[in-house]
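Down below is the structure, laid out as structure tokens.
Derivation of every value follows stated rules applied to the coordinates shown; laboratory data play no part. Keep in mind that this is a model prediction, so the values were computed, not measured. Glycine also receives a Cβ, built like all others from the backbone with ideal geometry; neighbour counts cover every protein chain displayed.
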Amino acid sequence: MATTSNLFMLSLTVQPPSSTTQVILGQFSGTREQQLIIGSGSRLTLYRPDTHELKVKEVLSHDCFGIIRALSAFRLAGSNKDFVIIGSDSGRIAIIEYVPAENRFHRIHLETFGKSGVRRVIPGQYLAVDPKGRACMLASIEKNKLVYVLNRNTQAELTISSPLEAHKPQTLVFAMVGLDVGYENPIFAALEVDYGDSDTDPTGEAFRNVEKQLVYYELDLGLNHVVRKWADTVCRTANLLFQVPGGADGPSGVLVCGEEHISYHHSNQDVFRVPIPRRRGVTEDPERKRYITTGVMHRMRGAFFLLLQTEDGDLFKLTFEMVMGPDKKPTGRVARISIKYFDTIPVAVGLCVMKSGFLFAACENGNHLFYQFEKLGDEDEEEEFTSDDFPADYRAPYKPVYFNPRGPENIALCQTIDAMNPQIGCQVANLTDGDAPQIYSICGTGARSTFRTLKHGLDVLEIVESVLPSMPQAVWTTKTHRDEQFDAYIILSFANATLVLSIGENVEEVTETGFLASTNTIAVQLLGEDSLAQVHPRGIRHIRAGGEINEWHAPHHRTIVAATTNDQQVAVALSSGEIVYFEVDATGSLAEYEERREMSQTVLCLSLGPVPEGRVRSSFLAVGCQDNTVRILDLDPSRTLENRSVQGLTSQPHSLSIMSMVDSSSGGSSLYLHIGLHSGVYIRTVIDEATGDLIDTRTHFLGPHPVRLFRTSVKGQPTMLALTSRPWLAYSEPQTKALTLSPVNYHNIEWGWSFSSEVCPEGIVGIHGDYLRIFTIEDLNKNLSSESIPLSYTPRGFVKHPEYPLFYVVESDVNVLSVATRQKLISDSGVTNGDSTVLPPENFGYPRGRGHWASAIQVVDPVAQKAVLHSIELEENEAALCVAVTAFHDYGDEQFLIVGTGKDVVPVPRGATCGFIHVYRFEEDGRKIVFHHKTRVESPPKAMIPFQGRIAVGIERDIRIYDLGKRQLLRKAQAAPAVAHMVMSLATQGNRIIAADMKESVTYLVYKPQSNRLIPFADDVIPRWSTNITMIDYETTAGGDKFGNFWLLRCPEKASEQADEEGDGAILVERNYLHGTAHRVGLVAHFYTQDIPLSIQKTPLTAGGRDVLLWAGLQGSLGIMVPFVSREDANFFQDLEHHMRSTAPPLAGRDHLIYRSYYVPVKGVIDGDLCEQYLTLPREAKENIAGELDRDITEVERKVQEVRMRAAF
Amino acid sequence: MADKLRAQQQLEALQARYVGTGHADTTPFEWISNINRDSLASYVGHPAMLEYMAIGMGVPREKARLQFLEKMIQPVGKPPETQE
């Protein structure tokens, strides 16, 4: 168990998975607005469409700590709110609702029906709901089906019956859907195969005659049982079912989709069948048959249609025509179905059509897409194929039909939603010389592959960039009347002048404003209702609305060094250390408080809090002094300018600001003092509103320059802009409300102020050199900004140039025609140029051909040009699979690019004609690669790594060490076999090589130079289907496996020492144990991540941060493992995790401990994501847990938040 | 004797409920078929694993899913001849 581990790590998600399992549409808020819920990995994410901005926006993302396999929305009769049923690996049915007021999911029902885990006979794989929300059916792949009756009690609450069984042994389910039968007894349709006979027939006859059946299960609501009502044999290739509207809207029944056909079936209707049209084109195989992979049915008033997508991405519109009765009204009988080409979009796993005219496509690979319908393809010239021309019997022959794919005509793209899925590889490097490193990753498949650069930071949208005549020092904006919505003036302060610009249709200079132009300005403020104050070194200028000007002059020989204002109060600090305080009185004039406060120190900065609603003044004035302190002075009339509290600092304060922010512990917002220090540290501390005490201080280092603070707001939320070596934004994370600091990906502005105009209601105006810039921050939900560079094919591996900021990506795609083949087909066909327009492969995919490979090696520059600089297409059906850069002993410093390829590779069952190892030379500082030579090997290499001036290559079970020869690589040493099945990944340090096997975990090998031998000396006892490994230190390996586990293995110290002893290592060979090596590695940590880790790296992620383990998962997730330094912290988090498990059990009903211990008991890793859910708990639950931990809420929250802030983002 | 009968009944109930529960006369074919069906169901049931394999095979997830399900009908070939 976990307590015995001597190493503890906290697992945190940096980026959640983006691979969609299912997407559903519904009115989850109980309003008329349709929203989306996407299930990806273990997360449910709610999106709402913004019909004005033509975008979908994330509202809530919740980690269920379970595998989400099926989702379905349903609505009880008479209700206007959709509930969600989750089919997961918990062996339970979970029904949840979205609570818009609290922005969270609430579980209504959780009923156990079976064992947990993804099992063959435990329901959870398929989920179908009656369209009227009266019942649902959960099914497993084999045998079991459960029906739950959903009802409502007298309080209009949802009730759920005990399950009714409809099991049928030895039956496989391929698809399931709820039939639309109006208000008759609910019926569920399933696509089934009974394998009972074929299992007992040795002649194979029964197997050949296996039939696929469409079966109707009827739930008799009166008798409360389920009967198998009707069955019909359908084509063996059938894979999907779609609901056809029934009742008053349509004929009811289902569409069965199979290989190249779609047929309509219903118990009281004839069968109708249409083919799936094939693509026409010179590069298309005219014999290739397509499948429907996804689709959506959409009802409109009195009509409906289906959009069905093939594996190529082509969308087809399928419509029904009914038999007309004598009164020219449609009868209930179907006359024909017709299909026609609609448009092409990337292959999706789920499509949603919204009533407001949008199409959401959750794409299988890469970014999700949000489209708007322009028309419904009703009156175009696309050829329509009807069921009249095709036999209804699936065995009857038919003539295939063709269509011409074309660009989009019916839908227009509105938004792409970033998704890194699938993520094949990931590396962290600092190539831009910034404070913090960037994450580089290769994502996507086929023509939608991308090379992505991820940077910690918020994206901005620049609105204005304009050059000013000279360098301003500061900028403000102000309104001229309290009730105005937008700012009227921009005031710029130069070294000895002030310039006022008016904001209107044009921004232009104005003079008659009353501002003193001949001096620089320290502060500008709208006072009272409609007067303005300008604070300059010699005094305060109070400009009344009528144009009347009142001046307050600073005493002789003294100047104003710091000032702070709010709309009722002004405080200035004089060079003598005096503080002068003013208030706006009832007549609207500025009145000085009779006493001045003498500070013993030079005052550096001041801040007044905002005036609370309904009060006349803010009661706190913060004063930053040269002696590294900040003092809070009271402004209450009885004790004006008296000391309230003081706080010592590590350095001189440079900037202060009192501002309230949304806060997780109080549930509302609390008042904070924000301090920017000379040393570049930002401090946020709570001001106790009753006593003025400073409590709960949080500090964060932002950069080497003094920190300047400015109040801004983003999306209505108060935020703090902190300017140092680069701009940062301090804000409350929208969901957890935790204090978050993110850099703003923008120029290094020196001064910033909030800006509001009609065009840009919530912007920031900033000064950068002699530029005036106005920008907005779009989204606080996402603090990783990404840039992508398109690649040609599915990336398989990448490597960075050892010196230059360049990456080399090897890419290959199976069953895709190579460029040469495509060109040959086009030129052979003899068509003129006009007819052979190549459609963009990002949407249409590449032309496919069985057994063909398209492959390329591309040079990517992610920093300067942000583009692919050079690419080499491989020929002769070779596929590039792995890549490495190495220098060879005998060739001095010259680096070579080594690429492992396979010829005629067959993925399943694994096979290839042979493999090659290509060697490329770098030219033009690595911007170009030139083929040097290639070496034939009997099987494709899967892993390569530089090893002591040579290259170690994993080929099948062997590890070979090659040196560079004149005409080919020369084998110098080998371990044959090194592992049990196939080398998937290699890691090395010194004389040690660690090989990860496809099925049998890792093997530690040592290279003995004396005998030129590679000797395995330690291996593992658990079969781990490794994907990738990395060495953490000389003894320890971190790795991931195909089942979604992350593990750390360590070689026993003694074995490690023994392996490195002088000699030829004979002793290691002799001491083999039980057909394995001499020693066993020990498990240090184990954690089920759910996503498949495909690359792991030990690296710091923040400026000056400690090393963490960053793992990148296939589904697009990025996670980190933060090692604990002190035992005390580990214990704290372990306790917190324990309490969280019982207080806030996972939404879908999976037991958290069992989930994280899916394959192997969790060890040495604490789930930080669960601990972070503490922040979103209701106050009472927080108090309970904090009480159990003997701490108070703020302390617990601070600990939870600080780990993330220190280690990552 | 009653105990033995009871144990037998319990075993039968278990076998009916949990597909693949073995008995004294389980043949290698049954055993291997069962394991293969379990594996295939697991490939389909774990979204990440299905995606991993679909990318490896170069097909959309739906086609990979269909292939695995079809394979479940007879995962290891024809059953052996039985000697009556």
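A few notes on this one:
- Global size of chain B: 17.3, 59 Å for Rg and Dmax (C-alpha atoms, Rg to one decimal, Dmax whole).
- Over 21 Å apart at the Cα level, from the set A:Lys737/A:Lys782; A:Lys289/B:Lys63; A:Lys229/B:Lys78; A:Lys1054/A:Lys1163; A:Lys317/A:Lys375, are A:Lys229/B:Lys78; A:Lys1054/A:Lys1163.
- Each 5 Å bin from zero up to the one holding the largest Cα-Cα distance in the stretch A:748-832 carries the following percent of pairs: 3, 9, 10, 10, 10, 8, 9, 9, 10, 7, 8, 5, 1.
- Distance-filtered residues of the stretch A:390-426 - backbone nitrogen under 19 Å, label point 7 angstrom along A:Ala303 Cα→Cβ: A:409-412
- Linear extension gain, A:Asn209 paired with A:Lys824, 0.36 nm per residue minus alpha-carbon span: 217.2 nm
- Taking amide H atoms as placed 1.01 Å from N in the peptide plane, the amide H of A:Gln438 lies under 5 Å from those of A:Ala429, A:Asn430, A:Leu431, each 5 or more residues away in sequence or on another chain.
- For the set A:Lys81/A:Lys132; A:Lys455/A:Lys800; A:Lys55/A:Lys340; A:Lys800/A:Lys942; A:Lys328/A:Lys399; A:Lys866/A:Lys928, the pairs lying more than 24 angstrom apart at their alpha carbons are A:Lys55/A:Lys340; A:Lys328/A:Lys399.
- Rounded to whole Hz, the Karplus (6.51, -1.76, 1.60) HN-Hα couplings of the stretch A:426-442, x for glycine and proline: 7, 9, 10, 7, 10, 9, 9, 6, x, 5, 10, x, 10, 9, 10, 8, 9
- Here the protein assembly as shown is assigned +1 on the Cβ of each Lys and Arg and -1 on the Cβ of each Asp and Glu. Its dipole about the Cα centre then comes out at about 2660 debye.
- Built from the Cα atoms of the stretch A:488-560, the convex hull projects on average onto 5.1 nm², one quarter of its surface area.
- Close amide H partners of A:Ala497, meaning residues 5 or more places away or on another chain with modelled amide H under 5 Å apart, are A:Asn520.
- The stretch A:1-68: Cα Rg divided by the 2.2 N^0.38 Å rule of thumb: 1.52
- Note on A:Lys972: aspartates and glutamates with a C-alpha under 16 Å away, same-chain residues under 8 apart excluded, are A:Asp890, A:Asp958, A:Asp963.
- Mean per-residue shielding of peptide A:1183-1193 is 0, counting Cβ atoms of other chains within 10 Å of each Cβ.
- Taking label points 7 Å from Cα along the Cα-to-Cβ direction, A:Ser638 and A:Glu409 give a separation of 8.1 nm.
- Percent of C-alpha pairs per 10 Å bin, the stretch A:820-941, short to long: 11, 33, 32, 20, 4, 1
- Of the DSSP H helices in chain A, those with a Cα length along their own long axis of 18 Å or more and a mean Kyte-Doolittle hydropathy reaching -1.0 comprise A:1193-1207.
- Translational diffusion coefficient (Stokes-Einstein; Kirkwood radius from C-alpha pairs) of the stretch A:457-507 at 37 °C, 0.692 mPa s, in µm²/s: 257
- Debye intensity ratio in log₁₀ form over the Cα atoms of the stretch B:32-76, taken at each q of 0.25, 0.32 Å⁻¹: -0.81, -1.11
- Of the peptides A:1138-1149, A:375-386, the order by per-residue mean of other Cβ atoms within 10 Å, starting with the highest, comes out as A:1138-1149, A:375-386.
- Per residue of peptide A:113-126, the mean number of Cβ atoms on other chains within 10 Å of the residue Cβ is 3.
- One quarter of the convex hull surface built on the alpha carbon atoms of the stretch A:251-388 amounts to 9.7 nm², the projected area averaged over directions.
- Relative packing of A:1150-1157, A:1023-1030, which averages over residues the other C-beta atoms within 10 Å, highest first: A:1023-1030, A:1150-1157
- Under 5 Å, built H, 5+ apart or other chain: amide partners of A:Ala973: A:Ile961
- For A:Ala591, net neighbour charge (Lys/Arg +1, Asp/Glu -1) across residues whose Cβ lies under 10 Å away: -4
- Gained length - A:Glu1053 relative to A:Arg927, 0.36 nm times residue gap less alpha-carbon distance: 41.0 nm
- Shape box of the stretch A:19-115 [Cα atoms, principal axes, largest first, Å]: 47, 34, 21
- Convex hull volume of the stretch A:926-1031 per residue (C-alpha atoms, cubic angstrom): 118
- Sequence ranges A:1064-1074, A:1042-1052, B:32-42, ranked by mean other-Cβ count within 10 angstrom, highest first: A:1042-1052, B:32-42, A:1064-1074
- Cα-Cα separations in the stretch A:471-592 greater than 21 Å, expressed as whole percent: 34
- Convex hull of the protein assembly as shown built on C-alpha atoms - directionally averaged projected area, nm²: 61.1
- Considering helices alone, the calculated mean residue ellipticity of the protein assembly as shown at 222 nm is -3000 deg cm²/dmol, with DSSP H runs of length four and up weighted by -39500 (n - 2.57) and normalised per residue.
- Note, ³J(HN,Hα) from phi for the stretch A:188-205, Karplus 6.51, -1.76, 1.60, rounded to Hz, x at Gly and Pro: 10, 9, 10, 9, 10, 10, 9, 9, x, 5, 5, 6, 10, 9, x, 7, x, 5
- Listed from fewest to most Cβ neighbours within 10 Å, the set A:His1075, A:His536 follows the order A:His1075, A:His536.
- Segment A:Glu53-A:Arg538, extension gain: residue separation times 0.36 nm, minus the distance between their alpha carbons: 169.8 nm
- If you take all other residues with their beta carbon under 11 Å from the beta carbon of A:Ile262, and give Lys and Arg +1 and Asp and Glu -1, the sum is 0.
- With each label modelled as a point 7 angstrom along the Cα→C-beta vector, the A:Asp327-A:Arg615 pair spans 7.3 nm.
- For A:284-292, mean number of other protein chain Cβ atoms within 10 Å: 1
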